[in-house]
Structures are given as structure tokens and as C-alpha cells.
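Asker: Have a look at this one.
The values are calculated or read from the model by the stated rules, or taken from the named source; none is laboratory data. On a predicted model such as this, the values are computed, not experimentally measured, just so you know. Glycine gets a Cβ as well: all are built from the backbone with ideal geometry, and neighbour counts include every protein chain shown.
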């Protein structure tokens, strides 16, 4: 399997990130029993069921400021406030769906 390099790709629109372009980002927490140790510090793809879309997300390392200071396991990067809002809404909707199905307990 070929691993895609998402380190320079916006999560929602999947466009390449220009060197000096403004970025909009947010973090998210994993469910309590999820083991991310094999992918910490890397980019992975996740399926957003509600948006019918696969997006890249950074998995924070245990010593990263996002993890240590804010408790975030995932970090999403977008190109605009609009893309950020759309992605946040999709992540929130999938999180609620997971709770409704008993998957995030």
C-alpha cells in the first residue's frame, strides 16, 4: 500500500498548502479506549460518514503541545474559516453518531 503524504494538504478541500498561506486548525480528542500508539506523530486518513468524505488528520504525539496542554489526539488543518466550520461540523456530527450507536463510550 502506498502511503500518501498529507503533511502539506488541507483536510477539508484536499488542496496543497502554499508555503506562506494562512491556516485554520482545530483539535479533537479520541474516545477513551482508542489506542493510537502506532500512529502517534503521523498523518492518517479518517472516514467522515456524515460528509461521505475521507480526510487527512494529524495524530498528535504524547509530548506535543496540542496533547499536553489541550488533550487533543487529532489535529485538523484547513485553508479558510469556512472550510474549518464545515470540517468541524462533520467531525461533530460523526462524534454524535458514534455516541448514538454506543461506539464512543
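Yes or no, residue by residue, for (1) closer than 21 Å to residue 10 by Cα; (2) surrounded by 12 or more Cβ atoms within 10 Å (Cβ to Cβ); (3) at pLDDT 95 or above; (4) touching a helix residue (DSSP H, G or I) at 6+ places or on another chain (Cβ under 8 Å):
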residue	(1), (2), (3), (4)
32	no, no, no, no
44	yes, yes, no, no
74	yes, yes, yes, no
98	no, yes, no, no
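Asker: Mind checking which pairs have a first residue in region 90-105 that is farther than 15 Å from residue 46 by Cα and a second that is at pLDDT 60 or above and in a helix (DSSP H, G or I), Cβ under 7 Å, 6 or more apart or different chains?
Answerer: Final answer for the pair search is 104/95; 104/98.
Asker: Another question, then. On the given criteria, is residue 18 without any contact (Cβ under 8 Å) to a residue 60 or more places away in the chain, within 18 Å of residue 84 (Cβ to Cβ) and exposed (fewer than 13 other Cβ atoms within 10 Å of the Cβ)?
Answerer: In short, yes.
Asker: Would region 46-66 turn up any residue that is surrounded by 13 or more Cβ atoms within 10 Å (Cβ to Cβ), in contact with a helix residue (DSSP H, G or I) (Cβ under 8 Å, 6 or more places away or on another chain) and free of Cβ contacts under 8 Å to residues at least 24 places away in the same chain?
Answerer: In the first step, residues of region 46-66 are kept if they are surrounded by 13 or more Cβ atoms within 10 Å (Cβ to Cβ); the result is 46, 48, 50-51, 53, 55-61, 64, 66.
Subsequent filtering for residues that are in contact with a helix residue (DSSP H, G or I) (Cβ under 8 Å, 6 or more places away or on another chain) retains 48, 50-51, 53, 55, 60-61.
Filter again for free of Cβ contacts under 8 Å to residues at least 24 places away in the same chain, leaving 61.
Among the residues of region 46-66, at least one is surrounded by 13 or more Cβ atoms within 10 Å (Cβ to Cβ), in contact with a helix residue (DSSP H, G or I) (Cβ under 8 Å, 6 or more places away or on another chain) and free of Cβ contacts under 8 Å to residues at least 24 places away in the same chain, which makes the answer yes.
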